[in-house]
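The values are calculated or read from the model by the stated rules, or taken from the named source; none is laboratory data. Quick caveat: nothing in here was measured; it's all calculated off a predicted structure. Here Cβ is always computed from backbone atoms with ideal geometry, including for glycine, and neighbour counts include all displayed protein chains.
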Amino acid sequence: MNEGIQRSWLNKEKRRYYRAWLMRDLLGDWVLVRAWGSTESRLGGVKQELMPDYALGKERLRRLDLRRRRRGYEPAGGSFSE
């Protein structure tokens, strides 16, 4: 059985963070949850996106990682499982 995955990124220069979780909801569906904001204020946001399956959710996380790195974010945390 696949477990959830968590990723975190920080952009120290802009003082911003970005987090993403791939996890199951109460109905057993895979959901990608993204949260972002400033490390200096309470401003930010959260978005949830239903994934068709675990493999596509994991691929979406991989693409998020590439995008965050291109925008100057550095990995700031691991995963709770892969």
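Below, the figures for the structure above:
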item: Scan of the range 45-55 for residues that are touching a residue at least 12 places away in the same chain (Cβ under 8 Å) and either closer than 19 Å to ALA76 by Cα or not acidic (Asp, Glu) (or both), ordered by number; result: VAL46, LYS47, GLN48, LEU50, MET51, PRO52, TYR54
item: Tally, over the range 5-32, of residues that are within 11 Å of the chain's Cα centre (by Cα) and more than 15 Å from ASP65 (Cβ to Cβ); result: 2
item: Unique match (being among the polar types (S, T, N, Q) and in contact (Cβ under 8 Å) with a residue 60 or more places away in the chain) among SER41, SER8; result: SER8
item: Restricting the range 39-82 to residues that are of a type in the set (Ser, Thr, Tyr) and at pLDDT below 95, the residue that is farthest from LYS14 (Cα to Cα); result: SER81
